[in-house]
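Working notes, structure below.
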Amino acid sequence: MSQKKAVIAIGGNSLVKDKAHQSVQDQYKAVNETCKHIADMIQQDWTVAIGHGNGPQVGFVLRRSEIAYQVEGIHEVPLDVCGADTQGATGYMLQQNLYNELLERNLDKKVATVVTQVEVDREDPAFQNPTKPIGSFMDQSQAMEKKENDGWSVLEDAGRGWRRVVPSPLPKRVVEEPAVKELVDAGMCVITVGGGGIPVVADEAGKLVGIAAVIDKDYASSLLASAINAELLIISTAVEKVALNFGKPNQEWLDRMTLEEAKTYFSEGIHFAKGSMAPKIQACIWFLERGGKKAIITNPDNIGRALAGETGTQIVL
Amino acid sequence: MKIVVALDGDLLVSADPSQGMFGQMKAITSIADQLGELVKVGHKLVITHGNAPQVGFMLLRGEAARHMVHPLPLDICGADTQGATGYMLQKALRNWLDHQGLENEVLTLVTQVIVGEPAPPGAPRTKGIGPFFERGRAQALEKSRGWELDMIPGQGYQRVVPCLTPKRIVEANSIRYLFDQGLVVVCAGGGGIPVSIDNNGDIIGVEAVVDKAYTAFLLGEEVQAEAIIFVSPWERIVNTIGLDLNNGLHSFYFNDLDALLGRSSDIEDTMRHKLIASRNHLQTSKTPVLIVPPDQLGVAPDRCVGIQLIAEKVDIEN
């Protein structure tokens, strides 16, 4: 049976709308909305693997952990386990809502959440230059103590205090990829690489160990899309389309670009914001270079229309 | 042999709480060694596990941080622990297999179960969870969150939730599919995330705990397991049967189970659930049930020390 396979990477805005809507009920509602759009896609005969962000969720787990350690002396949760926690909880909310939505539409599709590790390279240069701030602000003495005792990298953040920073290495391999592929090939929708995957490295003996790092979820979704031979990668974000010269007077919305055009714009370095649109474009470029057919960047509401070619930014070979 | 292995949740944390997450990883690694031995000799495994201590930690953290971070309902706590424990188990087992040159894949699936009736007669129908509160805070929680709390002498007030039996595993198809493909599947942690079906036919989370012994048997039916192995600490097993564990498997037949349950009033709740669910299972199935200590798991089901629960010898004439 030939089937249309896609990977969709859903952004943090699909899970936590804003600071006033962080509770579990609010997250659940947001996920419910998002699942309607994913169901649109499934209704158009796509079998999808779903990757998702976990920035705010990991923040909540860490905050509880930090406070409980200070107040009650309860052991802290390391970052890899925080990631695993959020894969469980967010995966659950997604799979439950998607199950309900598919049932309502009489679509006979199964949904599964796979706890997913992503291997990164020990030699990745990101380890020499940790940049991702995580956890709460600390004063200088706390920061130095953590650096001394726990080996944290810490940075002073623009006069607001000290924060822990962790590296953001590139994903090298989705450890559970063969199983994810088997499930997708069997026609199931799979929720995977949550938060970019739980970061692990191989130690000297080849054993996988969890590490304190953050993997870009769009990079991980792109890698997964290639690994399972998906033809389409959709990156769902806050904007309907990608713009050239974003936020400037000569801003220009893009309906479509070729891989070559995308690479040119990307290398010009002025169009896409670092840490937001730039990695998404990069993720699409890598996917197309590795054999993908098409990538789309749009917002959740427009997924259905973008699939029909009516909106979004389509990146093609 | 196709086997469902159900691990008690306290085997996956360190007996010494000061060891924290390092202690958990160590405990999980030592269980993974045993699970690996089973895979190595060719058994096909579905692995499920308890999560009471893990959910306990989450609830303690949530309470300590309540002025700063939103609280978590029980279904989400369960989902969290499935993610974290599943991750640690699958990583440790994969590493063990890798070291042996075995290529079996290991995968954790987030698993929901549709809950039905309360635990059957004889089994505890409620469970105390989370931290102990002082009276004032307990009353406030009763009011604001609609909780039921019980006074535990000498400890304080603790939240009480129903313990419900699972009726159906929502992700049964995926579990069975992956198992049939030869994967080791870790699933239904804590007995599964408890959900029910609302008036619209939607599934929604439920504030309850699941009788996880029943989930092990449901999993057994799904994958047509040839043995169900519960793994419990030595002392818990010894206290249950009131005998030392010597050599081999100590057998109990269906009728012995009634006597065993009736005789002892101080069997721990988790063991009572196992025995009652097993009795229920043995009424209609001949699939044997084993209860073994963790260091015996690797040589189960044939060469281990522990207890086995088996159906009445069937009269061939009937």
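The values are calculated or read from the model by the stated rules, or taken from the named source; none is laboratory data. Source: prediction; values computed, not measured. Note: ideal-geometry Cβ built from the backbone for every residue, glycine included; neighbour counts use all protein chains shown.
Any idea which of A:L170, A:L183, A:L155 is surrounded by fewer than 18 Cβ atoms within 10 Å (Cβ to Cβ) and either among the polar types (S, T, N, Q) or in contact (Cβ under 8 Å) with a residue 40 or more places away in the chain (or both)?
A:L170
Residues that are more than 14 Å from chain A (Cβ to nearest Cβ), surrounded by 22 or more Cβ atoms within 10 Å (Cβ to Cβ) and more than 19 Å from the chain's Cα centre (by Cα): list the strands (runs of 3 or more DSSP E) wholly contained in the range B:148-251 that include at least 1 such residues.
Values: elements: B:148-152, B:156-169, B:184-187, B:193-197, B:203-205, B:227-231.
Hits in the range B:148-251: B:156-169.
Return the residues of the range A:196-208 that are at the interface with another protein chain (Cβ under 8 Å from one of its Cβ atoms) and in contact with an Asp or Glu (Cβ under 9 Å, 6 or more places away or on another chain); say none if nothing qualifies. Please lay out each step first, then the result.
At the first step, the residues of the range A:196-208 found to be at the interface with another protein chain (Cβ under 8 Å from one of its Cβ atoms) are A:198, A:200, A:205-208.
Passing the criteria: A:I198, A:V200, A:G206, A:K207, A:L208.
Which number in (1) modelled with pLDDT of 95 or more; (2) at the interface with chain B (Cβ under 10 Å from one of its Cβ atoms) marks the one condition that A:G51 misses?
Condition not satisfied by A:G51: (2).
Could you tell me which of the residues A:F266, A:F287, A:F246, A:F272 is of a type in the set (F, W, Y) and out of contact with any helix residue (DSSP H, G or I) (no Cβ under 6 Å at 6 or more places or on another chain)?
That would be A:F246, the only listed residue that is of a type in the set (F, W, Y) and out of contact with any helix residue (DSSP H, G or I) (no Cβ under 6 Å at 6 or more places or on another chain).
Scan the range B:164-182 residue by residue and report those that are in contact (Cβ under 8 Å) with a residue 60 or more places away in the chain and either closer than 25 Å to B:G62 by Cβ or of a type outside the set (V, I, T) (or both).
B:E171, B:S174, B:L178, B:F179, B:G182
Hey, any hits in the range A:288-299 for a residue that's touching a Phe, Trp or Tyr at 6+ places or on another chain (Cβ under 7 Å), surrounded by 21 or more Cβ atoms within 10 Å (Cβ to Cβ) and modelled with pLDDT of 95 or more?
Yes, there is a match, as at least one residue in the range A:288-299 is touching a Phe, Trp or Tyr at 6+ places or on another chain (Cβ under 7 Å), surrounded by 21 or more Cβ atoms within 10 Å (Cβ to Cβ) and modelled with pLDDT of 95 or more.
If you go through the range B:198-215 one residue at a time, how many are of a type in the set (D, E) and without any contact (Cβ under 8 Å) to a residue 40 or more places away in the chain?
2
If the requirement is being within 14 Å of another protein chain (Cβ to nearest Cβ) and hydrophobic (A, V, I, L, M, F, W, C), which of these qualifies: B:V55, B:V41?
Going through B:V55, B:V41 in turn, the sole match is B:V55.
Please work out which residue is surrounded by the most Cβ atoms within 10 Å (Cβ to Cβ), limiting yourself to the range A:89-116 and to residues that are more than 7 Å from chain B (Cβ to nearest Cβ) and under 30 Å from A:K207 (Cβ atoms).
Looking only at the range A:89-116, we keep the residues that are more than 7 Å from chain B (Cβ to nearest Cβ), and these are A:90, A:93-94, A:97-98, A:101-102, A:104-109, A:111, A:116.
With under 30 Å from A:K207 (Cβ atoms) added as a condition, the list becomes A:90, A:116.
Values: A:T90: 27, A:T116: 32.
Once the filter is applied, the top-ranked residue is A:T116.
Would you mention how many residues in the range A:117-128 are within 18 Å of A:H52 (Cβ to Cβ) and either of a type in the set (K, R) or more than 9 Å from every other protein chain (Cβ to nearest Cβ) (or both)?
1
Could you check how many residues of the range B:68-98 are hydrophobic (A, V, I, L, M, F, W, C), under 16 Å from A:G83 (Cα atoms) and within 7 Å of another protein chain (Cβ to nearest Cβ)?
Quick first cut of the range B:68-98, residues hydrophobic (A, V, I, L, M, F, W, C) only: B:68-69, B:72, B:74, B:76-77, B:79, B:84, B:88-89, B:92-93, B:96-97.
Then drop every residue that is not under 16 Å from A:G83 (Cα atoms), which leaves B:76-77, B:79, B:84, B:88-89.
Filter once more, keeping what is within 7 Å of another protein chain (Cβ to nearest Cβ): B:76, B:79, B:84.
Residues meeting the conditions: 3.
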